[in-house]
Amino acid sequence: MNASPRISIPDKGLAYVGAARIEGPLVVVERVRDAGYDEMVEITDPSGRPRLGRVLDISETRAIVQILEGTSGLSHETLRARFLGESFRLPVSRHMLGRTFDGLGRPLDGNPPPLSSDLRDVNGLPINPHAREYPREFIQTGLSAIDGMNSLVRGQKLPIFSGNGLPHDRVCAQIIRQARLLEGGEEFSIVFAAMGVKHDVAEFFIRNCEESGALSRVAAFLSLADAPSVERLLTPRLALTLAEHLAFDCGQHVLVLLTDMTNYCESLREVGTIRGEIPGRKGYPGYLYSDLASLYERAGRIEGSPGSITQMAILTMPSDDISHPVPDLTGYITEGQIVLDRDLFQRGIYPPIAGLPSLSRLMKDGIGKGYTREDHPALASQLFACYARVKRIRALADVIGEEALGPLDRQVLKFGETFEHRFLAQGETENRPIATTLDLGWEILSTLPREELHRVSAELLSQHYQTGK
Amino acid sequence: MNPPPGRKASVTRINGPVVTATGLAGARMYEVVHVGELGLVGEIVRLNGDQATIQVYENTTMLKPGAPVRCTGAPLSVWLGPGLIGNIYDGIQRPLPAIKALHGSWLGRGEKIDPLDPASRWTFEPVVTAGETVSPGQTLGLVTETPLVRHKIMVPPDIPAAAVRRIAGKGLHGLTETVAILDTATGPREITLVQKWPVRVPRPIRERRPVSQPLLTGQRIIDTFFPIGKGGCAAIPGGFGTGKTITQHQLAKWSDADIIVFIGCGERGNEMTEVLREFPKILDPRSGRPLMERTILIANTSNMPVAAREASIYTGIALAEYYRDMGLDVAVFADSTSRWAEALRELAARLEEMPAEEGFPATLPTRLAQFYERGGAVTTLAGEPGSISIVGAVSPPGGDFSEPVTQHTQRFIRCFWALDTELANARHYPSIHWIRSYSDYVGAISGWWKKQNPDWTELRTEALTLLQREDRLQQIVKLIGADALPDAQQLILFIAELLKDGFLAQNAFDEKDQFCSPARQAALLQVISQVYRKSRSLIEAGVALGRIRELPALRRLIHVKTIYGNEEIAQITALSQQIQAELDGLVAERGAP
């Protein structure tokens, strides 16, 4: 039965009493007047507890409202929906650094909400492609596997593809602790958005920032595993809205950390399914790509603005499957990916960054002469080629046995071991400068015969190849 | 029965970019409408009584039922005239630099800026005189748009034979100034420097011609192994990280087309920035002028509205057709057609259409065919040869080529450059897989190649056969190891390595190697072929492969491509002779008692 809506006029916006239908996170309110698409709605139950929602579909006769904080306890007749007359906006200010908020931007630290008259639409606006500045500044993370072979640059979006149980949080925390520009310069501000992760994961990140003395530069938005799943759809947008303010209004360099994008996508699927949308692959909505792009593309640099947004999103690949829609579509939008490898992890190698499937698309423009070192591009290319060969020979050795391999193949296998244990592996507190990483790379390459190094010019070989290794 | 522009109609429902409105009796399909107070640009995609469904090209946040809808009476059209080259547009031809100049770094809503600056002035040189009879497509006058492009001001295709009543003299004219008046059967028509054309309608041509010339790209694996002709269509499918965009950029940089239209359709913002920053700096190897002087960019990045992404492909191809009609060779690069197909899927779902495979609308193959068929080599209305080559990137989910977009695309293209994840992982670029790729244009353009090098067909076939044999041998190698094979077979593995490292791999960032002239391609292939033939006979004569591998000149072969540039073919020939001599030395050594 439909409760007849009675219109009353509260302090702001029109309120309607009663809903035609409640299903999962969706509430259908009938005979709504003068409400807009994507408008913010406040729903209250008889106890007076307010919950936020937004309009997903609106016609002259009804509005479909997505409740961000769950619908448990709501009833047809007593529900009160107030249309707030504006889309979801976040008050932003630089004083939000050092604070912790919930998934909808309300303070969790007991302090009052930050004062700001600067309200921003959380969906943001696309950056005019003509106004973008191409990212070029090399960020040294102190991890050889990243700096040497998948370099990160300021303004890049580089996600970490991981699996359940892999140490992505530790790797990410180490990057946060160690990341800096070569010539020094300002430090990063960090905006952290947690979506559906456990309390201890959020705890870990915040403690890590605290220990490294960075807490005053961190703003955290936490929508943890026990929060209503729909809330997560908003959390990364809040984080990115604040990041845009810090970067492009305040001129700061911002590192945005989004974890875990797989949970975000699951919330999206949940809402899509309940709305009866036609699903795409694995039940995810057909607009998953566009939706993810509306988050990931909010990174980069803008001409004439000193600030930048660098994005690292962590996602766990369901059953380590890189072709699953979430990592797949992410990889198509982001500028590369750092892939964690279970096999390396189980052999005790930390950080277990997979040598071959990891990639940084912006690397070519941020390394080499004038950025890191002249020999860097060729060295990285040669390491990739040799490691690919290691993988091929390992597959062969699995079949015919290592003893049946030729001497050169055995030498290549040995190179693989050295590469993994000395180049990829490093301590959790070990911060390797880029020069050390590159020198180490040459040292390891020198265990192979000189004439096998096709990707390096004779000139570079004569400078860096160490005979007798 | 079009309602007068400005007639009252109003919004009844908003569902993302799909808006329903009422009061639109008499409106036409694909007519452009302005929605709401902001005047968001939209297009009518479905009519039902006086109800219309509108696909809106902009974000519809806070649009309300009851908001006004205004008809414009015209379909989605592009402006065609001087000033297109070097510009960058969004999916519905809004000029991004002008938007930035007016509104700053962010794209707001309801922007209405003319695609070409009506205040711009161009030097017009008439080529017809008053009293002359002209036909559709005929050139009335010329404008030097950039040092590379002589822009023809043509009789619009919809004007039948007409007499020139008046034609402007040589001099500066504003873009919208009348430069000619034509007397037609239906009355006089004024011609300005700018014309409009509906993007979804192909511009007429006189007839199609067979493809006969190669579109030279300077990329060895493409030009030599899987060539595309001028007027041909090709697809580049590949999973993420396999280098689709870099390959597309390489082709856009080095192809010997007169005009390049690059459509960034649902891809990354930074990639468009890269093109914008790089192209003005790179000089065209043939003309020595900046590449930007022949390039038009369409940028509708992944976070820009999805409906405009759907339109971007048509906007791009309509601009390409206009330049083709001037008798030019145009190359269109669409990155990526999968994102475009996804835009179709997203809109179809919002329209509640019945889905076919993987949620894509059943019209997907038709739409793909319509797009690719706008390419081709033609005789223009004016009787000149012109062509549009189309290269579409495809982004199959999970890198699986059996998905609908890749599968349907394959039906409408004749050249397939399959990118391979394993090659990309080993950083072998371009990661075009030599076994899975194909080109159906080889026969059509072999005539051209034979004029460059009489042995071309033979060399190409030999190299491809070698690579195929190697591929089969690798299956065995995986089981027993390479060392267990006889020398004759190991030789094939060895030569295939030479081919892969010394010929197929091409560094897009190496100054000497990023562009490889046809002559140098032939020379490099010839050297490897000689090594193969000679070594084969040596091995037959009992020389061990190990002795051949050790030759110092052979070691240099892999690096030859980066040592000797396009002007240093003589050095390549010299090296070839040195290798020959060293190989002959092995014979002599063996022949000696």
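Within region B:231-250, residues that are over 12 Å from B:ALA334 (Cα atoms) and at pLDDT below 95 sit with their Cβ atoms under 8 Å from residues that are basic (Lys, Arg) and not in a helix (DSSP H, G or I), at 6+ positions apart or across chains, in these pairs: B:GLY241/A:ARG361.
Reported count of residues in region A:67-90, each being in a strand (DSSP E or B) and away from chain B (no Cβ under 13 Å), is 5.
Taking (1) surrounded by 19 or more Cβ atoms within 10 Å (Cβ to Cβ); (2) within 14 Å of chain B (Cβ to nearest Cβ); (3) touching a residue at least 40 places away in the same chain (Cβ under 8 Å) in turn, A:PHE419 satisfies each apart from (2). Scan region A:433-452 for residues that are charged (D, E, K, R) and at pLDDT 95 or above and the total you get is 2. Checked against the criterion of being out of contact with any Gly (no Cβ under 9 Å at 6 or more places or on another chain) and either at the interface with chain B (Cβ under 8 Å from one of its Cβ atoms) or over 30 Å from B:GLY546 (Cβ atoms) (or both), region A:380-391 has at least one qualifying residue.
Got at least one residue in region B:407-422 being under 30 Å from A:PRO357 (Cβ atoms), of a type in the set (Phe, Trp, Tyr), more than 9 Å from chain A (Cβ to nearest Cβ) and under 16 Å from the mean Cα position of the chain (by Cα)? There is at least one residue in region B:407-422 that is under 30 Å from A:PRO357 (Cβ atoms), of a type in the set (Phe, Trp, Tyr), more than 9 Å from chain A (Cβ to nearest Cβ) and under 16 Å from the mean Cα position of the chain (by Cα). Picking from residues in region B:345-360 that are touching a Lys or Arg at 6+ places or on another chain (Cβ under 7 Å) and surrounded by fewer than 22 Cβ atoms within 10 Å (Cβ to Cβ), the one that is nearest to the other protein chains (Cβ to nearest Cβ) is B:GLY359. The condition of being charged (D, E, K, R), buried (at least 20 other Cβ atoms within 10 Å of the Cβ) and either more than 13 Å from chain A (Cβ to nearest Cβ) or closer than 25 Å to B:LEU215 by Cβ (or both) holds for only one of B:GLU462, B:GLU511, B:GLU470, B:GLU540, that being B:GLU470. Quick check on A:ILE444: is it away from chain B (no Cβ under 11 Å), in contact with a strand residue (DSSP E or B) (Cβ under 6 Å, 6 or more places away or on another chain) and in contact (Cβ under 8 Å) with a residue 12 or more places away in the chain? The answer is no for A:ILE444. Each residue in region A:206-253 was checked for being surrounded by fewer than 20 Cβ atoms within 10 Å (Cβ to Cβ), of a type outside the set (Gly, Ala, Ser) and within 14 Å of chain B (Cβ to nearest Cβ), and 1 pass.
The single residue among B:ILE432, B:ILE388, B:ILE445 that is under 18 Å from the mean Cα position of the chain (by Cα), over 30 Å from A:PRO377 (Cβ atoms) and crowded, with 16+ Cβ neighbours inside 10 Å turns out to be B:ILE388.
Can you name the residue in region A:116-163 that is within 12 Å of another protein chain (Cβ to nearest Cβ) and of a type in the set (Phe, Trp, Tyr) and is also surrounded by the fewest Cβ atoms within 10 Å (Cβ to Cβ) among such residues? Among those that are within 12 Å of another protein chain (Cβ to nearest Cβ) and of a type in the set (Phe, Trp, Tyr), it is A:TYR134. Per the listing B:GLY73, B:GLY141, B:GLY83, the residue uniquely surrounded by fewer than 19 Cβ atoms within 10 Å (Cβ to Cβ), in contact with an Asp or Glu (Cβ under 8 Å, 6 or more places away or on another chain) and either farther than 28 Å from B:ARG28 by Cβ or of a type outside the set (Val, Ile, Thr) (or both) is B:GLY73. For region B:48-68, a residue qualifies if it is polar (S, T, N, Q), free of Cβ contacts under 8 Å to residues at least 40 places away in the same chain and over 10 Å from B:THR22 (Cα atoms), and exactly one does: B:THR61. Residues of region B:35-50 that are within 12 Å of B:ALA9 (Cβ to Cβ) and buried (at least 20 other Cβ atoms within 10 Å of the Cβ): B:VAL35, B:GLY36, B:GLY42, B:ILE44. Taking region A:35-54 as the range and being within 14 Å of chain B (Cβ to nearest Cβ) and either in contact (Cβ under 8 Å) with a residue 24 or more places away in the chain or more than 23 Å from B:ASN59 (Cβ to Cβ) (or both) as the test, the residues that pass are A:ALA35, A:GLY36, A:ASP38, A:GLU39, A:MET40, A:VAL41, A:ARG54.
Considering only residues of region B:326-344 that are more than 14 Å from chain A (Cβ to nearest Cβ) and over 17 Å from the mean Cα position of the chain (by Cα), which is farthest from B:LEU80 (Cα to Cα)? Among them, the one singled out is B:GLY327. B:ILE99 satisfies every condition listed in (1) among the aliphatic types (A, V, I, L, M); (2) surrounded by fewer than 24 Cβ atoms within 10 Å (Cβ to Cβ); (3) more than 10 Å from chain A (Cβ to nearest Cβ) except (3). Can you find even one residue in region B:284-298 that is on the phi < 0 side of the Ramachandran plot, crowded, with 24+ Cβ neighbours inside 10 Å, in the same structural domain as B:ALA393 (by TED's automatic domain parsing) and in a helix (DSSP H, G or I)? Yes: region B:284-298 contains one or more residues that are on the phi < 0 side of the Ramachandran plot, crowded, with 24+ Cβ neighbours inside 10 Å, in the same structural domain as B:ALA393 (by TED's automatic domain parsing) and in a helix (DSSP H, G or I). Looking only at residues in region B:16-42 that are at pLDDT below 90 and within 13 Å of chain A (Cβ to nearest Cβ), the one that is nearest to A:THR61 (Cα to Cα) is B:GLY16. Taken over region A:344-354, the criterion of being more than 20 Å from the chain's Cα centre (by Cα) and either crowded, with 23+ Cβ neighbours inside 10 Å or among the β-branched types (Val, Ile, Thr) (or both) is satisfied by A:ILE349 alone. Scanning region B:56-80 for residues that are within 7 Å of chain A (Cβ to nearest Cβ) and closer than 19 Å to B:PRO95 by Cα gives no hits.
Here A:MET261 passes the criteria (1) at pLDDT 95 or above; (2) more than 21 Å from A:ILE322 (Cβ to Cβ) except the one numbered (2). Here A:LEU268, A:LEU295 are screened, and the one residue that is more than 17 Å from A:PHE248 (Cβ to Cβ) and out of contact with any Phe, Trp or Tyr (no Cβ under 6 Å at 6 or more places or on another chain) is A:LEU268.
Of all residues in region A:285-311, those satisfying the criterion of being buried (at least 24 other Cβ atoms within 10 Å of the Cβ), in contact with a helix residue (DSSP H, G or I) (Cβ under 7 Å, 6 or more places away or on another chain) and more than 10 Å from chain B (Cβ to nearest Cβ) are A:SER308, A:ILE309, A:GLN311. For B:PRO126, are the conditions met, namely being closer than 27 Å to B:ASP284 by Cα and touching a residue at least 24 places away in the same chain (Cβ under 8 Å)? Spelling it out, it is not the case that B:PRO126 is closer than 27 Å to B:ASP284 by Cα and touching a residue at least 24 places away in the same chain (Cβ under 8 Å).
For region B:62-109, the set of residues classified as within 25 Å of B:ASP50 (Cα to Cα) and among the small types (Gly, Ala, Ser) consists of B:GLY66, B:ALA67, B:GLY73, B:ALA74, B:SER77, listed by residue number. The single condition from (1) in a loop (DSSP other than H, G, I, E, B); (2) surrounded by 16 or more Cβ atoms within 10 Å (Cβ to Cβ); (3) not acidic (Asp, Glu) that A:ARG33 fails is (2).
The values are calculated or read from the model by the stated rules, or taken from the named source; none is laboratory data. Source: prediction; values computed, not measured. When we count neighbours, we look across all protein chains shown, and the Cβ atoms used for this are built from the backbone with ideal geometry, even at glycine.
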